[in-house]
Amino acid sequence: MRVRFGAGETRYLADELDDLGWHRAMVICSPGRADLGHKIADTLGPRCAGVLAEAAEHVPTGVVEHAVAEIDALGADSCVAVGGGSAIGLAKAVALARGTPIAAVPTTFAGSEMTPVWGTTTGGHKTTGRDPRVLPRSVVYDPELVAGLPVPVAVTSGMNAMAHAVEALYAPDATPIVSLMAEEGIRALSGALPRIVHDPGDPDGRSDALYGAWLCGACLGATSMSLHHKLCHVLGGTLGLPHAPTHAVVLPHVLAFNLVAVPEQAAIVAQALGGGADPAMSLWEFAAHVQAPRSLQSLGMDEGDIDRVAVEVTAASYGNPRPTTVDHIRGLLRAAWAGAPPQS
Ligand code: NAD
């Protein structure tokens, strides 16, 4: 995969497609990013087959089916995904169905552009997997495109990226190189997000956050995720909670739960966050500092759903450094639901 990073780099997208030998790219974006999608389509000229502004969170299979039909009808040979994880996720689902390669132009900090991980949702059930065909061949990080990213989306998508790095540090397939990227990614985002909140017009804060997103996305692409990602996946897929805000709420609680099993990795997180004694508490305080949500209740979750989610998560198979029981998950979810401090 090739990565370009720098303000204004999107202007080279047409050259990028030429280098890749793609002739008719479908531009995919969410409805809110349709203007940008059309602007990118203009820069591609005849290389663009059309603009599909239909991406939606959690990638509903109905949207995928329609996108595949459009790709077939317009004879597109590739996709340019412009937007956050939803647009990139739709392009990935199309790649899985049709083998169309992807160039990604991320406009949030979620990090999906660096991973071979795909996910789709049908009838309240989210299915995910890994497939090399969905890994974008080319990624263009252009800080100018995140200049207008609303602060709440910047903050929560940035915390979503930090979660990739935290879980990469204690992943069963962690490596020293990926751990370095994880530490640097957490450091970059924990430094940049408060600057974005303090001064939304500061281009350097946004550029540094994009750099952190690149690192954290690469960590997710290189390792297997654990309890945190499983929990958020169930909360999003089953209850329809918003993806990035759910990550922001849950992360301190999962880290608190896993602390005893991974003290060395926890110390790295603490260091990257600025040196506090308890990284879970530091993350929880960080969330307040950047005005991220801290309770699942505030995201619309019913207290009555805690048991159902605890049972579903415990029954699923995934690696986690500390074994879990339904009681553990229930306790963790109760604290996250109520917005209580994380309990080690
Ligand atoms: P998103 O893509 O859903 O975008 C959130 C909102 O912000 C949308 O309304 C979008 O139109 C708007 N937006 C995006 N960029 C903007 C900009 N620069 N300016 C103004 N508005 C902008 O949010 P997300 O957090 O990036 O992605 C969430 C999705 O990504 C979830 O479905 C999640 O499962 C997926 N995801 C996948 C991976 C992976 O590796 N497969 C990793 C992370 C997230």
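Of the residues in segment 122-132, none is closer than 21 Å to A49 by Cα and of a type outside the set (D, E). Considering the conditions (1) surrounded by 24 or more Cβ atoms within 10 Å (Cβ to Cβ); (2) modelled with pLDDT under 95, G236 is excluded by exactly one of them, (1). The residues of segment 56-102 that are touching a helix residue (DSSP H, G or I) at 6+ places or on another chain (Cβ under 8 Å), of a type in the set (D, E, K, R) and surrounded by fewer than 24 Cβ atoms within 10 Å (Cβ to Cβ), listed by number, are E57, D72, R98.
With respect to A171, determine if the residue is assigned to a loop (DSSP other than H, G, I, E, B), over 23 Å from A25 (Cα atoms) and more than 8 Å from the ligand (Cβ to nearest atom). Considered against the rule, which asks whether it is assigned to a loop (DSSP other than H, G, I, E, B), over 23 Å from A25 (Cα atoms) and more than 8 Å from the ligand (Cβ to nearest atom), A171 comes out as yes. The set of residues in segment 71-87 being within 7 Å of the ligand (Cβ to nearest atom) and in a helix (DSSP H, G or I) consists of G85, S86, A87. For segment 121-128, state whether one or more residues are near the ligand (Cβ under 8 Å from one of its atoms) and either more than 30 Å from W284 (Cα to Cα) or free of Cβ contacts under 8 Å to residues at least 40 places away in the same chain (or both). No - not one qualifying residue is present in segment 121-128.
When segment 132-163 is filtered for residues that are more than 11 Å from the ligand (Cβ to nearest atom) and in a loop (DSSP other than H, G, I, E, B), only R137 remains.
Evaluating T100 against the criteria (1) more than 10 Å from the ligand (Cβ to nearest atom); (2) within 18 Å of the chain's Cα centre (by Cα); (3) touching a residue at least 60 places away in the same chain (Cβ under 8 Å); (4) not in a helix (DSSP H, G or I) leaves one unmet condition, (2). On the given criteria, is A336 within 22 Å of H58 (Cα to Cα) and in contact with a Lys or Arg (Cβ under 9 Å, 6 or more places away or on another chain)? So A336 fits the description; yes. Of all residues assigned to segment 315-332, at least one qualifies as being within 27 Å of V153 (Cβ to Cβ) and crowded, with 19+ Cβ neighbours inside 10 Å. Quick check on my filter: what residues within segment 153-195 are among the β-branched types (V, I, T) and in contact with a His (Cβ under 9 Å, 6 or more places away or on another chain)? Residues satisfying the conditions are T156, V166.
The values are calculated or read from the model by the stated rules, or taken from the named source; none is laboratory data. Note that this is a predicted model, so its numbers are computed, not measured. Glycine also receives a Cβ, built like all others from the backbone with ideal geometry; neighbour counts cover every protein chain displayed.
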